[in-house]
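Right, one structure below, let's go through it.
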Amino acid sequence: MSQQGQGQAGTDQLMVEKEIVDKVIARFGEEAKLAYVKPRRIRFNVSKDIILDFARYARDELGFDHPISVAGVDYPKNKMIDVIYHIGSCTNDKLRSFVLAFAVQLDRNDPVMPTLIPIYRGVEYHEREAFEMLGVIFEGHPRLERLLLPEDWADIPPLRKDFHIKGREE
Amino acid sequence: MGVEMGKERIPGFELEGRDEDGMDRGILTLSVGPQHPGSGHFRLIVKVDGDMIVEALPDPGYVHRGEEKMCEYRNYIQNIPHLERPMIADSCGILYPYALAVEEVCNIPVPERAKYIRVIMAELNRCIFELYWLGIYGIFLGHSTMFMWPMADRELLIDLAEMASGARVTHAYFVPGGVRNDVPDTFPEKAKGHLLYFKNRLKEYKDIFYDNPLFQARTVGVGILSREDAINLGATGPVLRASGVDHDIRKVEPYDVYDEIDFEVVTMKEGDSFARAYVPWLEMYESVEIALQALEKMPSGPVRTKLGPNPKGAVGEAFKRVEAARGELAYYLVSDGNPKPYRVKLSVPSFREIPVMAHLLRGAKLADMPSIYWSMNYWPVEADR
């Protein structure tokens with residue numbers, strides 16, 4: 001499996017990883033915390049105040065232009081909800097094998113953050129899904145409505161950890 | 001990098017001109033679906049001005065099953081069968097990144113032979129899926145021969161998949177650590193025969209379908225997706241490649257043994273419904289080539305790493321993606337060290353085509369809706385999960 005990369009390819013990959021991390025740190029300093037660097041996967045945790053700037057920087061300066069996924073994860077123990085954007089690149093040959101993840105950690109009781117639709121149009125429906133599944137409010141989203149759940153859903157957002165499937169409580 | 005969405009310039013597009021009572025003057029709202037249009041329940045709310053679509057609001061969710069929630073209640077092995085249910089026509093494609101993600105989180109090695117078998121099965125499934133889709137695309141544009149032929153040829157490939165895995169569809173064949181069982185000894189020979197026959201057969205599709213003036217009249221120049229829009233809207237797979245972006249995960253981030261196999265990434269520049277139908281056809285040739293090469297290079301040896309009961313993951317996360325038949329399929333898997341995953345997020349190509357579909361339908365003619373919808377390769381069950 002070529003996941004780790006061998007020889008020249010592996011060195012190139014490490015250089016690209018370092019370059020991305022250095023650029024982001026130089027631009028955002030303490031505001032973007034590096035969570036991990038794995039082969040071809042880099043994750044930053046950023047605050048919701050700079051998420052728009054960060055995403056614009058990632059698209060325009062770094063070259064991550066292809067939205068792949070928006071995932072929400074509920075951490076009731078830490079009283080927070082992670083919203084993670086996974087962004088790939090279609091046009092920059094050096095970055096095409098990479099996925100940049102940047103996450104916002106929101107207060108679980110008041111999960112509000114700005115929408116990233118102005119930067120990545122493709123996240124519209126992903127954000128709607130995170131809204132109904134985890135109750136995250138994306139400010140500025142044009143249609144923050146129910147998407148996959150039934151119209152008469154009358155319970156808490158189902159991907160929160162305190163929602164249990166009937167008969168399978170544990 | 002500017003983002004031009006362009007459609008606003010089309011005359012007659014703006015939703016203005018409301019009457020005093022708030023009604024849109026001359027704008028008619030239609031509900032298309034949610035009856036089963038051949039691939040699952042899905043509704044499009046379409047607003048038309050005459051026969052021009054001024055707005056299309058996709059309304060998925062009729063076949064939502066809560067796959068992601070279900071994952072949190074089952075261990076890594078129990079999750080295998082239900083995760084392939086959203087896309088039974090391409091069940092290997094949807095399980096592939098799950099297997100890769102669990103292998104990373106639980107640190108499971110994969111034997112070399114299993115990697116080749118996975119590649120063969122993934123490519124067989126790609127063809128099985130594309131044929132199914134092509135048949136339905138054909139029948140919905142009124143071309144019944146194009147329904148019959150792919151459905152018949154598909155059986156040959158399904159026979160191969162059945163021979164390897166024991167099931168015609170929903171194989172549950174890819175497991176963390178390899179594949180469930182080895183292929184029979186007679187498999188390589190039989191597979192070569194079927195694949196070579198299928199390759200010859202593919203040529204005839206062009207004569208009967210792609211060169212058909214009626215099919216061309218309904219698809220050429222219809223629903224043009226520009227390169228920039230395709231990227232920014234997150235389009236993937238044949239939809240992206242039909243708009244001139246040579247992005248294929250098998251090539252840009254090769255998994256298993258795709259880096260040892262020689263194949264081309266098919267792209268077209270037109271970005272219309274015809275290109276989106278033509279790219280998968282060209283890709284089936286490549287799939288046959290990949291499968292034949294993998295059959296040739298496949299070493300002998302074990303096909304599965306023996307796992308203990310209830311394998312546990314390390315604390316951490318994995319993001320794995322593969323090129324499924326409809327495009328980039330990614331799993332985001334979070335593990336908290338238990339035998340059950342903490343969170344599984346599927347980013348499926350069908351779901352990512354929803355904004356593309358809404359974008360293309362705006363400003364299109366109502367009569368072009370079927371050809372745009374089907375060229376999206378959109379599968380409601382997969383999108384809803």
Of all residues in the stretch B:50-80 being open to solvent by 40 Å² or more (accessible area, probe 1.4 Å) and in a strand (DSSP E or B), which is nearest to the other protein chains (Cβ to nearest Cβ)? B:Glu55
Residue list for the stretch B:156-171, restricted to those being within 19 Å of the chain's Cα centre (by Cα) and open to solvent by 20 Å² or more (accessible area, probe 1.4 Å): B:Arg168, B:Val169, B:Thr170
Taking the conditions exactly as written (within 9 Å of another protein chain (Cβ to nearest Cβ) and not β-branched (Val, Ile, Thr)), does A:Leu149 satisfy them or not? yes
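For the stretch A:63-79, give me each residue that is of a type in the set (A, V, I, L, M, F, W, C), surrounded by 23 or more Cβ atoms within 10 Å (Cβ to Cβ) and either over 23 Å from B:Tyr255 (Cα atoms) or within 9 Å of chain B (Cβ to nearest Cβ) (or both). Steps first, answer last, please.
Narrowing the stretch A:63-79 to residues of a type in the set (A, V, I, L, M, F, W, C): A:64, A:68, A:70-71, A:73.
The next check asks that each one be surrounded by 23 or more Cβ atoms within 10 Å (Cβ to Cβ); those that pass are A:64, A:68, A:70-71.
Result: A:Ile68, A:Val70, A:Ala71.
Being open to solvent by less than 10 Å² (accessible area, probe 1.4 Å) and of a type in the set (Asp, Glu) narrows it down to one of A:Asp22, A:Asp93, A:Asp107, A:Asp82, so name that one.
A:Asp82
Within the stretch B:172-194, can you find the residues that are hydroxyl-bearing (Ser, Thr, Tyr) and surrounded by fewer than 16 Cβ atoms within 10 Å (Cβ to Cβ)?
Residue satisfying the conditions is B:Thr186 alone.
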Of the residues B:Pro184, B:Pro176, B:Pro188, which single one is of a type outside the set (Gly, Ala, Ser), farther than 22 Å from B:Val322 by Cα and either without any contact (Cβ under 8 Å) to a residue 40 or more places away in the chain or in contact with a Phe, Trp or Tyr (Cβ under 9 Å, 6 or more places away or on another chain) (or both)? B:Pro184
Looking at B:Val288, B:Val222, B:Val266, B:Val322 in this structure, which one is more than 14 Å from chain A (Cβ to nearest Cβ), within 28 Å of B:His194 (Cβ to Cβ) and outside any helix (DSSP H, G or I)? B:Val266
What about B:Asp246, is it surrounded by fewer than 22 Cβ atoms within 10 Å (Cβ to Cβ), within 14 Å of another protein chain (Cβ to nearest Cβ) and more than 18 Å from B:Phe274 (Cβ to Cβ)? yes
Taking the conditions exactly as written (within 15 Å of the chain's Cα centre (by Cα) and open to solvent by 30 Å² or more (accessible area, probe 1.4 Å)), does A:Phe102 satisfy them or not? no
With respect to the numbered conditions (1) over 23 Å from A:Val99 (Cα atoms); (2) within 13 Å of chain A (Cβ to nearest Cβ); (3) assigned to a loop (DSSP other than H, G, I, E, B); (4) not acidic (Asp, Glu), which one is the sole condition not fulfilled by B:Gly308? (2)
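Would you check which residues across the stretch B:332-345 are within 9 Å of another protein chain (Cβ to nearest Cβ) and surrounded by 24 or more Cβ atoms within 10 Å (Cβ to Cβ) and list them? Please lay out each step first, then the result.
Filtering the stretch B:332-345 down to residues within 9 Å of another protein chain (Cβ to nearest Cβ) leaves B:332, B:334, B:342-343, B:345.
If the condition is that a residue be within 9 Å of another protein chain (Cβ to nearest Cβ) and surrounded by 24 or more Cβ atoms within 10 Å (Cβ to Cβ), then B:Tyr332, B:Lys345 are the ones that fit.
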Selected residue (only one of A:Ile119, A:Ile42, A:Ile51, A:Ile84 is among the hydrophobic types (A, V, I, L, M, F, W, C), closer than 28 Å to B:Ser335 by Cβ and at the interface with chain B (Cβ under 9 Å from one of its Cβ atoms)): A:Ile84
Residue check for B:Leu282: open to solvent by 30 Å² or more (accessible area, probe 1.4 Å), aliphatic (A, V, I, L, M) and within 22 Å of B:Asn377 (Cα to Cα): yes
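Yes/no matrix, rows are residues, columns are (1) of a type outside the set (D, E, K, R); (2) farther than 24 Å from B:Gly237 by Cβ; (3) free of Cβ contacts under 8 Å to residues at least 12 places away in the same chain:
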residue: A:Tyr75; (1), (2), (3): yes, yes, no
residue: A:Met80; (1), (2), (3): yes, yes, no
residue: A:Phe98; (1), (2), (3): yes, no, no
residue: A:Val104; (1), (2), (3): yes, yes, no
residue: A:Leu116; (1), (2), (3): yes, no, no
residue: A:Tyr120; (1), (2), (3): yes, no, no
residue: A:Val123; (1), (2), (3): yes, no, no
residue: A:Arg143; (1), (2), (3): no, yes, no
Residue that is farthest from the other protein chains (Cβ to nearest Cβ) [pool: residues in the stretch B:347-382 that are part of a loop (DSSP other than H, G, I, E, B) and under 22 Å from A:His66 (Cβ atoms)]: B:Asn377
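Determine if the stretch A:163-170 includes at least one residue that is in contact with a His (Cβ under 8 Å, 6 or more places away or on another chain), loosely packed, with under 14 Cβ neighbours inside 10 Å and closer than 27 Å to B:Lys340 by Cα. Give the steps one after another, and end with the answer.
First pass over the stretch A:163-170, keeping only residues in contact with a His (Cβ under 8 Å, 6 or more places away or on another chain): A:170.
Now drop any that are not loosely packed, with under 14 Cβ neighbours inside 10 Å, which leaves A:170.
Narrowing the set further to residues that are closer than 27 Å to B:Lys340 by Cα leaves A:170.
Yes; the residues of the stretch A:163-170 include at least one that is in contact with a His (Cβ under 8 Å, 6 or more places away or on another chain), loosely packed, with under 14 Cβ neighbours inside 10 Å and closer than 27 Å to B:Lys340 by Cα.
The values are calculated or read from the model by the stated rules, or taken from the named source; none is laboratory data. No experiment lies behind these values; they were computed from the predicted model shown. Every residue, glycine among them, receives a Cβ derived from its backbone with ideal geometry; neighbour counts consider all protein chains shown. These accessible areas exclude ligands, DNA and RNA; they are computed on the full protein's heavy atoms, side chains included. Shrake-Rupley method; radii C 1.70, N 1.55, O 1.52, S 1.80 Å.
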